[in-house]
Structures are given as structure tokens and as C-alpha cells.
1. Under 1.5 on a/c is rounded, so check that first for region 59-107, then, if it is not, pick prolate when a/b is larger than b/c and oblate when it is not; a ≥ b ≥ c are the square roots of the alpha carbon gyration tensor eigenvalues.
2. Heavy-atom accessible area per residue, region 122-186, 1.4 Å probe: how many Å²?
3. In the full protein assembly as shown, how much of C187 is accessible to a 1.4 Å probe, in Å² to the nearest 10?
4. Tally up the carbon and sulfur contribution to the accessible surface of region 53-178 as a whole percent, 1.4 Å probe, everything protein left in place.
5. Between A185 and E71, what length in nm is gained on full extension when 0.36 nm per residue of separation is reduced by their alpha carbon distance?
6. For region 40-116, what is the accessible area per residue in Å² when the probe is 1.4 Å?
7. Just to be sure I understand the model, the point goes 7 Å from the Cα along the line to the Cβ. What's the resulting H150 to D54 distance in nm?
8. Looking at A75, W61, P47, which one has the Cα that reaches farthest to the positive end of the dipole of region 37-81 (charges on Cβ: Lys, Arg +1; Asp, Glu -1)?
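The values are calculated or read from the model by the stated rules, or taken from the named source; none is laboratory data. Here the structure is a predicted model, which means the values were calculated and not measured. With ideal geometry, Cβ positions are generated from the backbone for all residues, glycine too; neighbour counts draw on all protein chains shown. Quick note on the areas: whole protein, heavy atoms, side chains included, nothing else; ligands and nucleic acids left out. Shrake-Rupley method; radii C 1.70, N 1.55, O 1.52, S 1.80 Å.
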Amino acid sequence: MLLTMSSDERAEAFDYPASGRFGTALAPAPLMLSQELANTIGMDHLPVVDLLGDVDTAQHWIDAVVPPWCESFGADDPHIVVTAAELPRLRAARDALRSVLSDDASPNDEPVLAGAAAVTVTKSGAHLEPVGTGVSWLTTAIAIETAGAHAHDLFRRLKLCHAPRCRVAFYDRSKNNSRVWHDTATCGNQANARAHRARRRATARENTSQ
């Protein structure tokens, strides 16, 4: 995959079953797969299952996202077949990625995602190819993505929604990188409504005490 690839048009053509469930737009390359992995989470208060909860749903997600991602980035499709033994490692990789994306993560945290990649340097740039199989290949692909995103100062735009019961991963396309909700019409309005009610209660208490 070329770390210089960053076309929004290519991202829009990418199938994104995890992020699509939450109605959030897919991040541009090189953060498509990272956002997808982060959004495989389930939600107990909504009919949203954990896509890494069992082999069948995990395999369906992998089959949907890995081949087109490989085509977009010029990588060989590893034809990943997930096993029950690998599911905990895959969920651990997701948890590690989400901890890095968390707004309370420390910039001095030790690296939590790692992988082995084959590097080819040509006049057109550096081409990195994940090495390994199964979950190891996938975690390497995520590591390569985030390396490219950091190189282009894009990684800070991949965030988790501030709503405590949401925490969906979204890509902030605002000019000043100021978005905090994955969906202003839902999470943002709910937070604003709660803040408004809190202010009204505080005003009522103040008027009563006078």
C-alpha cells in the first residue's frame, strides 16, 4: 500500500459494514480499515451486535472489508480465514486501537499495535505490504495505516464520539478538527438537551433559594 494514497473517492467506494451501521461516513485512506475495526463493537442498549463476537460475523466482516481494501492499496489479498482461537486476539487489537483513539489516552502510552511489513522503495514512494497470516496480517495492516495517517497528520482526526453510550469511531472533516459527536443530530442534540435541562434545574434552584 502506498502511504501517499488519500483519495476520498476511493474511500467512498469501499464497503464498510461496521461503520455503516452507525450512519457515519467512512474515513479517507489511510484510515478506512482502522475505523472499520474500531466500529465492530456491539451496543447492549441497541440492536447492534459485536461483529467480532463469533466466527461467522467476524468472517463476514473480514470478507467484506479486506479484499476491496487490498485492491485499493495494491496489497495481495491474504484470504483470511478467522478461527475461534484468533477471535480474542482480534478483539484485543480492536480494544488497543480504541484505547489509542480515546480522548483521554496519554500521548506517552507505550505502542499497543505492532506488525511486520515488507517495504519496497521506488521513485514513486514507499510501498508497505503486511507480512503474516490471519489476525497478524490484519494488525499489521492497521499499523501501516496509522503510520501513514500520522505521517500526513490525519490520525488525530479519527476520534470516538464523546457520547458515553455511543463511542462510535468517526473521521472529523471539520476545518479546525473540532467535532466531538459522530452524529450531531442524535448524540449532539441529546447532549445539548441534557445540558439545557441541567441549566434550567440550576436556575430553578437558584430562584428558589432567593
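1. In terms of gyration-tensor shape, oblate.
2. That works out to 48 Å² for each residue.
3. Result for C187: roughly 10 Å² accessible.
4. Carbon plus sulfur share of accessible area: 55 percent.
5. 37.6 nm
6. 55 Å²
7. Distance between the two pseudo-spin positions: 3.8 nm.
8. Working it through, the farthest residue towards the positive pole turns out to be P47.
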